[in-house]
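Peer 1: Once you've had a glance at the structure underneath, I'll fire off some questions.
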Amino acid sequence: MGLNAETDENSHILLSWLDAEYGDGYLILRDGKQIGYTQGTSFVDEEPNPHAFNFYWVITYVQASATEIALKWDVAPEGTVYTIFMKKEGERERVLVKDLTDNFYTVSGLEPDTRYSFRIIARHGLHFLQFPILTRKTKAE
């Protein structure tokens, strides 16, 4: 996806990236917190923290099928391990889906017309970043 960041004369951060070609839109995160959503390939952070290193992620939302939901997010530093947890609507517990080093994963074997929530946690050494909960619904058959 290739995330680029520039600062303008007002200290805003201008983010841009290449189109994923298959997404419904992009969720923008700064330091693990959602700051916006866009369907384009750019975003302006008008309130960056001027006294800290701002760590940005872009997650691509992808069309869901009746039994699969694809997830994709911007790449973190080399050596990062991602853990994906999933919870089906109406259930109490989240289940571990997968630990992986890729920045994408397709969850399969899901029930049609059902809402699922996902939590992605990125771990790099002693540091971790927890994404906001992503909620997607599979299509009806």
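Peer 1: Could we say that Gly36 is free of Cβ contacts under 8 Å to residues at least 12 places away in the same chain and either farther than 17 Å from Leu129 by Cβ or surrounded by fewer than 16 Cβ atoms within 10 Å (Cβ to Cβ) (or both) here?
Peer 2: Here the answer is yes, as Gly36 does meet what is asked.
Peer 1: Hey, any hits in the stretch 64-80 for a residue that's acidic (Asp, Glu), out of contact with any Phe, Trp or Tyr (no Cβ under 8 Å at 6 or more places or on another chain) and modelled with pLDDT under 85?
Peer 2: Yes, that holds for at least one residue.
Peer 1: Now, a different point. Could you please let me know if Gly109 is on the phi > 0 side of the Ramachandran plot and not polar (S, T, N, Q)?
Peer 2: It is true that Gly109 is on the phi > 0 side of the Ramachandran plot and not polar (S, T, N, Q).
Peer 1: Looking at Trp57 and the list (1) within 13 Å of the chain's Cα centre (by Cα); (2) under 21 Å from Leu14 (Cα atoms); (3) without any contact (Cβ under 8 Å) to a residue 60 or more places away in the chain, which single condition is not satisfied?
Peer 2: The failed condition is (3).
Peer 1: Look through the stretch 77-100, keep the residues that are hydrophobic (A, V, I, L, M, F, W, C) and surrounded by fewer than 16 Cβ atoms within 10 Å (Cβ to Cβ), and return whichever of them is nearest to Trp57 (Cα to Cα). Before the answer, list the steps.
Peer 2: Within the stretch 77-100, the first condition is being hydrophobic (A, V, I, L, M, F, W, C), and the residues that meet it are 81, 84-86, 95-97, 100.
Adding the requirement that they be surrounded by fewer than 16 Cβ atoms within 10 Å (Cβ to Cβ) leaves 81, 95-96, 100.
Working: Val81: 15, Val95: 24, Leu96: 22, Leu100: 17 Å.
If we take residues in the stretch 77-100 being hydrophobic (A, V, I, L, M, F, W, C) and surrounded by fewer than 16 Cβ atoms within 10 Å (Cβ to Cβ), then Val81 is nearest to Trp57 (Cα to Cα).
Peer 1: Restricting to the stretch 101-141, count the residues that are in contact (Cβ under 8 Å) with a residue 40 or more places away in the chain, part of a loop (DSSP other than H, G, I, E, B) and more than 24 Å from Arg30 (Cβ to Cβ).
Peer 2: Here the count works out to 10.
Peer 1: Follow-up. Name the residues in the stretch 4-27 that are under 22 Å from Thr106 (Cβ atoms) and surrounded by 12 or more Cβ atoms within 10 Å (Cβ to Cβ), would you?
Peer 2: Those that are under 22 Å from Thr106 (Cβ atoms) and surrounded by 12 or more Cβ atoms within 10 Å (Cβ to Cβ): Trp17, Ala20, Gly23, Asp24, Gly25, Tyr26, Leu27.
Peer 1: Continuing with this model, one more query. Right, Ser65: farther than 23 Å from Glu6 by Cα, polar (S, T, N, Q) and surrounded by 13 or more Cβ atoms within 10 Å (Cβ to Cβ) or not?
Peer 2: Values: farther than 23 Å from Glu6 by Cα: yes; polar (S, T, N, Q): yes; surrounded by 13 or more Cβ atoms within 10 Å (Cβ to Cβ): yes.
Against the criterion (farther than 23 Å from Glu6 by Cα, polar (S, T, N, Q) and surrounded by 13 or more Cβ atoms within 10 Å (Cβ to Cβ)), Ser65 qualifies.
Peer 1: Of all residues in the stretch 6-48, which are at pLDDT below 90 and touching a Lys or Arg at 6+ places or on another chain (Cβ under 8 Å)?
Peer 2: Ala20, Gly23, Pro48
The values are calculated or read from the model by the stated rules, or taken from the named source; none is laboratory data. For clarity, every value in this text was computed on a predicted model and none was experimentally measured. Positions of Cβ are generated from backbone atoms using ideal geometry, with glycine treated the same way; all protein chains shown enter the neighbour counts.
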